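Written out below as structure tokens is the structure these notes cover.
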Amino acid sequence: GRIRLKEGKAVAVSCASFKDKSHTARMAVTIMRYHPHMRCVVNVRYEREYVERAKKRGLKVFHYDRSKEPKEVQEREGQSMVWMIEQAIAELKSPPDVIYDEGWWGKEAMIRVFGRNPKEVLEKIKLMVRE
């Protein structure tokens with residue numbers, strides 16, 4: 001589903017669906033292969049300030065550079081998210097709290113926040129968005 005701000009308050013503008021393709025589901029399944037306790041992920045609109053706050057507040061942050069994706073990953077639907085998580089885990093040597101990218105041709109810039117459960121993810125998001 002989608003959550004947006006309306007008059008300064010978070011509101012759900014669509015419900016979660018089990019019928020649609022989901023990059024977030026693919027990310028959750030991928031990170032669980034390496035860290036079974038990490039079962040939740042949320043996409044957050046990219047804002048440079050959010051990334052800077054996440055770093056400053058001690059979250060494990062990985063910058064995903066889409067220009068370094070191998071061609072075979074770029075060409076196969078759904079492989080970017082898998083490759084991104086594998087790169088983050090290899091570099092950080094632990095599960096990431098945040099993976100972000102600044103977009104690419106046809107790809108929206110995005111921040112992904114990972115955690116054990118929705119409550120943990122929400123707490124990490126609050127660390128990022130609150131001044």
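Measure up LYS68/LYS124; LYS71/LYS93; LYS55/LYS119; LYS9/LYS107; LYS55/LYS126; LYS68/LYS93 against 22 Å on the Cα-Cα distance and list the ones that go over. Violating the 22 Å limit, Cα to Cα: LYS68/LYS124; LYS71/LYS93; LYS9/LYS107.
When the accessible area of region 28-121 is split by element with a 1.4 Å probe, what percent falls to carbon and sulfur? Each step should come with its number before you reach the end.
Values: 2670 of 5460 Å².
For region 28-121, the apolar C and S fraction of the accessible surface comes to 49 percent.
Note on the chain: dipole from Cβ charges, positive end direction compared against GLY8, TYR100, VAL73; the farthest Cα belongs to GLY8.
Could you do me a favour and compute the accessible area per residue for the chain, 1.4 Å probe, result in Å²? Don't jump to the answer; show the numbers that get you there.
Values: 8910 Å² over 131 residues.
That works out to 68 Å² per residue.
Around LYS107, what is the net charge, scoring Lys/Arg as +1 and Asp/Glu as -1 over all other residues with Cβ under 9 Å from its Cβ?
Working: positive: ARG66; negative: ASP101, GLU108.
Counting the neighbours of LYS107, the net charge comes to -1.
The values are calculated or read from the model by the stated rules, or taken from the named source; none is laboratory data. Here the structure is a predicted model, which is why all the values come from computation and not from measurement. Note that each Cβ is placed from the backbone with ideal geometry, even for glycine, and that neighbours are counted across all protein chains shown. Side chains included, ligands, DNA and RNA excluded: accessible areas come from the protein's heavy atoms. Shrake-Rupley method; radii C 1.70, N 1.55, O 1.52, S 1.80 Å.
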